[in-house]
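Working notes, structure below.
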Amino acid sequence: MSGRGSRSKYVAHDNNRDGYGLALALTRNVLGGFMYWKPTVMHDLHESANFLYVSTGTGPYNAELDALTIDIDEWHNLAHEEVTQLTKRGMPGVWTHAFYTGWAANYLFWIANTRNSLGRFYETLGNRGADTMERTIRPSSTATRWYRPNPPLEKVTWSIRNNTNYMQSGVLVALKYVADNGDEFLDNFYLRGARAIERGKTEAPYAWVIPRDQSRPLATENLVDLLMTQGLEVHVADEDLSWSEGGPDGDVERSAPEGSYIVRLDQPYRTLALVLLGVQQFPRDEDPPYDDTGWTLPFLHQVDAYRVDEPAIFSARMTLTGEPLGVEGELEGRGRNFYLVNNTTDDNFAVFRFRLRDVRMLAAEADFEAGGRSYAAGSYVIPREGNPEDLPDRLSRVGGSRIGSQCERCSGRARCGDS
């Protein structure tokens, strides 16, 4: 499949780096296809490099990858087979190794690497258009190296046809190699899943807990929905949770109420959970990285998620959930003078304002209390005076529709004030 970064009508975004947020339909469709077919190898076609780079990587590889992905040399065996077979057929400039590190997991083909399959990609020389033209290749790319024994020509007449021919020839070699060694690829796919389940039972961390009652309820919902869309198993706690967390000043006692979310790590996609939820530590003594080095999703969503290093978490009563979550907005009372909407800082707090663009609202300039509740600066103060008579009904009807995993409900609860 082709995953070259592109820009759509509405999103100026490189779709090859949408593997964490799944913001684009292209990414979600590729993920859906992967989850349906469970391929042992996923191959992504890119441009541009001189003439054909077949992926392995220099490292450091992502720290959460199973050693079976790296140590058994599936990447390297496939790459060396392609370099050898295409060189035998008189195709210069086919090489591997010295291009990317293998640390960042946000690429399209990492849909496979984080789910026990093998993800790989090509980079192929491209032109600015479909025209045939003479290309001069930079000297650094035409030098002979151990990983590039038959380097690109210094000058070449190149077209999109050459680009396609190189990729197609490489893919045919790769398909044959995987077919000839299909039992081995399938066995390794199975072993990585089985090892993930076993390691989740015997090695810390054992789970992540995401408390349900947080200051950003929609961000919490969206994060958990995103994890499930990614294919992770998420449980809901049927009782209050408590555990100890080690810290620099000793153990810290943690707790989360009934209804909180538990991402157990004794599941086949343990690697994916570690990649998305854990804190990344890029090795200090390594060469500069090819791409992102940190992306911990709870930090990005501003949601609390706690690593649990105690296996006792498995003894807690919990129920597996596969349904999208819901944090319903709620209108309390009829508002004698004002309605108040607490500023949770959820993204949809702004959506609420735009959905009611013709409703007169004020924004609180400081924290305040009303009716026994606390409200943050920026909260909406909606007066009855000067607004339509059907204001309560309109407030109740705001939102409710969903686009992908993004909930477009009212952020927070609209509450009555007596001021």
Q: Any residue in the range 302-315 that's in contact (Cβ under 8 Å) with a residue 12 or more places away in the chain: show its pairings with residues that are crowded, with 17+ Cβ neighbours inside 10 Å and polar (S, T, N, Q) at Cβ separation under 7 Å, as long as the two are six or more apart or on different chains.
A: VAL303/GLN214; VAL303/THR220; ASP304/GLN214
Q.
Being charged (D, E, K, R) and either closer than 26 Å to GLN302 by Cα or surrounded by 15 or more Cβ atoms within 10 Å (Cβ to Cβ) (or both) is the filter here; which residues of the range 345-393 pass it?
A. ASP346, ASP347, ARG353, ARG355, GLU365, ASP367, GLU369, ARG373, ARG384
Q. Across the range 180-210, what is the total count of residues that are surrounded by fewer than 19 Cβ atoms within 10 Å (Cβ to Cβ), among the charged types (D, E, K, R) and either under 11 Å from ASN116 (Cβ atoms) or touching a strand residue (DSSP E or B) at 6+ places or on another chain (Cβ under 9 Å) (or both)?
A. 1
Q. Among (1) farther than 28 Å from ASN116 by Cβ; (2) of a type in the set (D, E, K, R); (3) open to solvent by 30 Å² or more (accessible area, probe 1.4 Å), which single condition is GLU286 missing?
A. (1)
Q: Filter the range 90-99 down to residues that are at negative phi and open to solvent by 10 Å² or more (accessible area, probe 1.4 Å), then give me how many there are.
A: 5
Q) Is one or more of the residues making up the range 252-263 hydrophobic (A, V, I, L, M, F, W, C), touching a helix residue (DSSP H, G or I) at 6+ places or on another chain (Cβ under 8 Å) and within 19 Å of THR69 (Cβ to Cβ)? A) no
Q: Would you list the strands (runs of 3 or more DSSP E) that sit entirely within the range 83-183 and hold 1 or more residues that are of a type in the set (A, V, I, L, M) and either in contact with a helix residue (DSSP H, G or I) (Cβ under 8 Å, 6 or more places away or on another chain) or in contact (Cβ under 8 Å) with a residue 60 or more places away in the chain (or both)?
A: 118-124, 155-158
**Q.** Residue satisfying all of: in the range 240-260; in a strand (DSSP E or B) and without any contact (Cβ under 8 Å) to a residue 60 or more places away in the chain; most open to solvent (accessible area, probe 1.4 Å) among these
**A.** GLU253
Q: Give the number of residues within the range 183-238 that are over 21 Å from the mean Cα position of the chain (by Cα), over 25 Å from SER315 (Cα atoms) and among the polar types (S, T, N, Q).
A: 2
Q: Write out, first by first residue and then by second, each pair whose Cβ atoms fall under 7 Å of each other, whose residues are 6+ apart or on separate chains, and whose first residue, in the range 56-72, is on the phi > 0 side of the Ramachandran plot while the second is open to solvent by less than 40 Å² (accessible area, probe 1.4 Å).
A: GLY57/TYR100; GLY57/THR101; GLY57/GLY102; GLY59/THR101; GLY59/GLY102
Q: State which residue is farthest from ASN77 (Cα to Cα) when the search covers only the range 151-179 and only residues that are open to solvent by 90 Å² or more (accessible area, probe 1.4 Å) and not polar (S, T, N, Q).
A: LYS155
**Q.** Extreme residue, modelled with the highest pLDDT, among residues of the range 394-419 that are open to solvent by 30 Å² or more (accessible area, probe 1.4 Å) and in contact with a Phe, Trp or Tyr (Cβ under 8 Å, 6 or more places away or on another chain)
**A.** ARG415
(Q) Checking the condition at pLDDT below 95, of a type in the set (Asp, Glu) and within 23 Å of ASN62 (Cα to Cα), which residue from ASP251, ASP292, ASP266, ASP309 passes? (A) ASP292
Q. Looking at (1) out of contact with any Asp or Glu (no Cβ under 9 Å at 6 or more places or on another chain); (2) part of a loop (DSSP other than H, G, I, E, B); (3) within 17 Å of ASN337 (Cβ to Cβ); (4) not small (Gly, Ala, Ser), which is the only condition PRO388 fails?
A. (1)
Q: Filter the range 224-239 down to residues that are of a type in the set (Val, Ile, Thr), surrounded by fewer than 22 Cβ atoms within 10 Å (Cβ to Cβ) and part of a helix (DSSP H, G or I), then give me how many there are.
A: 1
(Q) What's the total number of residues in the range 44-82 that are within 21 Å of LEU186 (Cα to Cα), of a type in the set (D, E, K, R) and not in a helix (DSSP H, G or I)? (A) 5
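Results for (1) touching a Cys at 6+ places or on another chain (Cβ under 9 Å); (2) of a type in the set (S, T, N, Q); (3) under 28 Å from TYR190 (Cα atoms), shown as yes or no for each residue.
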residue: LYS88; (1), (2), (3): no, no, no
residue: ALA104; (1), (2), (3): no, no, yes
residue: GLY119; (1), (2), (3): no, no, yes
residue: GLU123; (1), (2), (3): no, no, no
residue: THR132; (1), (2), (3): no, yes, no
residue: PRO139; (1), (2), (3): no, no, no
Q) How many residues are out of contact with any Ser or Thr (no Cβ under 9 Å at 6 or more places or on another chain), of a type in the set (A, V, I, L, M, F, W, C) and open to solvent by less than 60 Å² (accessible area, probe 1.4 Å) when one looks only at the range 58-89? A) 4
Q: Would you mention how many residues in the range 211-221 are touching a strand residue (DSSP E or B) at 6+ places or on another chain (Cβ under 7 Å) and under 19 Å from ALA237 (Cβ atoms)?
A: 4
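The values are calculated or read from the model by the stated rules, or taken from the named source; none is laboratory data. The structure displayed is predicted, hence computed values, not measured ones. Here Cβ is always computed from backbone atoms with ideal geometry, including for glycine, and neighbour counts include all displayed protein chains. Remember, those area values only see protein heavy atoms, side chains included, never the ligands or the DNA or RNA. Shrake-Rupley method; radii C 1.70, N 1.55, O 1.52, S 1.80 Å.
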